[in-house]
1. Within the set of pairs 6 or more residues apart or between chains, which connect a residue that is closer than 11 Å to residue B:2 by Cβ inside the range B:188-202 to a residue that is outside any helix (DSSP H, G or I) with Cβ atoms less than 7 Å apart?
2. Residues in the range A:212-227 that are within 13 Å of chain B (Cβ to nearest Cβ) and over 20 Å from residue A:20 (Cβ atoms): how many?
3. Take residue A:129 and decide whether it is within 18 Å of the chain's Cα centre (by Cα), part of a helix (DSSP H, G or I) and surrounded by fewer than 18 Cβ atoms within 10 Å (Cβ to Cβ).
4. Filter the range A:192-211 down to residues that are within 17 Å of the chain's Cα centre (by Cα) and facing another protein chain (nearest Cβ under 7 Å) and give me whichever is farthest from residue A:169 (Cα to Cα).
5. List, please: which pairs have Cβ atoms under 7 Å, are six or more places apart or on different chains, and start with a residue in the range B:20-47 that is in contact (Cβ under 8 Å) with a residue 40 or more places away in the chain and end with one that is surrounded by 19 or more Cβ atoms within 10 Å (Cβ to Cβ) and not in a helix (DSSP H, G or I)?
6. Need at least 2 residues that are within 14 Å of chain A (Cβ to nearest Cβ) and crowded, with 19+ Cβ neighbours inside 10 Å per element, so show me which helices (runs of 4 or more DSSP H) inside the range B:129-219 make the cut, counting only ones lying wholly within it.
7. I'd like to check which helices (runs of 4 or more DSSP H) are fully inside the range A:1-111 and have at least 2 residues that are farther than 25 Å from residue B:195 by Cα and within 14 Å of another protein chain (Cβ to nearest Cβ).
């Protein structure tokens with residue numbers, strides 16, 4: 001090992017695991033929000049269109065860090081009144097929950113646009129064919145549109161996931177013990193900031209590479225049966 | 001919502017916004033200058049020329065900006081060579097650290113935008129310029145780059161907005177830009193919702209103005225007239 005980790009190796013590893021957990025949890029929430037946002041934006045109902053549009057514009061225009069801070073520190077009062085309402089002693093959002101909500105919210109706003117593009121790319125005839133066969137609207141979406149959307153949305157979602165993974169570092173600001181926070185703790189003890197931040201950077205780089213490889217296989221799986229244009 | 005307090009502290013938030021704008025403007029301009037040779041190298045036919053900037057771009061796009069900021073602001077102090085060098089007064093200053101890091105960070109993204117734009121220039125136009133007897137340099141300066149600028153401009157404006165949001169991270173290395181100002185005020189007033197909300201609205205306004213500005217620039221450069229549609 002080129003880097004002397006002063007025995008902080010296991011701590012950094014635990015931090016990496018936390019980073020991965022946070023990224024996956026935010027991804028799950030973000031995908032749901034993104035799908036809902038895209039459905040709202042492509043729905044024929046004006047208020048729903050407006051809602052979806054406002055969500056994606058508002059969230060995308062404000063820094064991710066601000067969302068993390070706002071959701072963590074801003075909900076203290078809200079949670080307190082909720083605890084009073086439920087008659088509980090105290091209720092507060094953990095750093096993990098706040099981070100997941102904030103990052104999921106941001107991922108969802110960008111994913112809304114990706115999913116919307118994918119929905120619009122499905123030929124209209126497919127939906128009409130579904131209607132002609134007497135399928136209900138939810139069934140058309142679930143069985144016809146969604147399976148085809150994946151293939152189109154996947155590259156965009158992959159890029160977003162890579163951004164999301166790097167954004168997990170922001171949650172260290174509210175004290176969640178993920179990779180970045182663990183590195184900070186190691187730096188305080190060892191007084192070797194460059195070493196530990198470099199190791200953290202390399203771990204993030206490794207995670208990005210793993211995500212890229214995973215995405216490559218997912219994309220290959222999703223485009224089974226489609227001819228690739230000759231490269 | 002406590003509006004009076006927001007109004008009372010608004011000048012301090014706006015001071016922060018000015019610093020935010022400064023950080024963004026300097027870093028996206030310096031980043032563009034830095035990215036230009038890298039983007040041209042990335043679009044080159046020569047494999048070695050192409051591979052060289054890739055390592056740089058891979059590192060800066062693959063790691064979080066927060067880590068990069070900490071590497072420059074806290075990390076550099078680990079080396080005595082740096083602390084004794086003439087650059088230390090700058091590397092000690094969070095302002096310059098933020099500018100340096102954000103510039104290096106955005107340059108990696110802009111280089112890829114430039115590469116994509118150069119590769120999207122129709123080959124026929126480049127071949128026509130070469131057939132008219134223009135040298136490689138002349139072709140690059142008079143045909144490829146002016147065309148690539150117009151193709152890459154929308155992506156560049158996206159990058160500027162992303163940097164506007166990324167500049168919030170400068171608050172983690174003690175700079176009092178917009179987010180930093182909001183956090184300082186909150187530490188005094190204990191009103192997180194009000195001031196994060198106010199800061200968010202200011203970010204939205206800045207982003208909106210920037211988007212409109214780029215729309216004007218696109219019209220001035222007659223971007224859609226060059227799409228060949």
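The values are calculated or read from the model by the stated rules, or taken from the named source; none is laboratory data. Remember, predicted model here, so these are calculated numbers, not experimental data. Cβ sites come from the backbone with ideal geometry, for glycine too, and all protein chains shown count toward neighbours.
1. Hits for this filter: B:191/B:2; B:194/B:1; B:194/B:2.
2. The number of residues fulfilling the criteria is 0.
3. No, not satisfied.
4. A:208
5. The qualifying pairs are B:20/B:177; B:23/B:177.
6. Filter on the range B:129-219 gives B:145-166, B:178-189.
7. A:9-42
Residue-by-condition table, conditions (1) crowded, with 21+ Cβ neighbours inside 10 Å; (2) at pLDDT 95 or above; (3) more than 12 Å from chain A (Cβ to nearest Cβ); (4) assigned to a helix (DSSP H, G or I):
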| position | (1), (2), (3), (4) |
| --- | --- |
| B:39 | yes, no, yes, yes |
| B:49 | no, no, yes, yes |
| B:53 | yes, no, yes, yes |
| B:82 | no, no, no, yes |
| B:101 | yes, yes, no, yes |
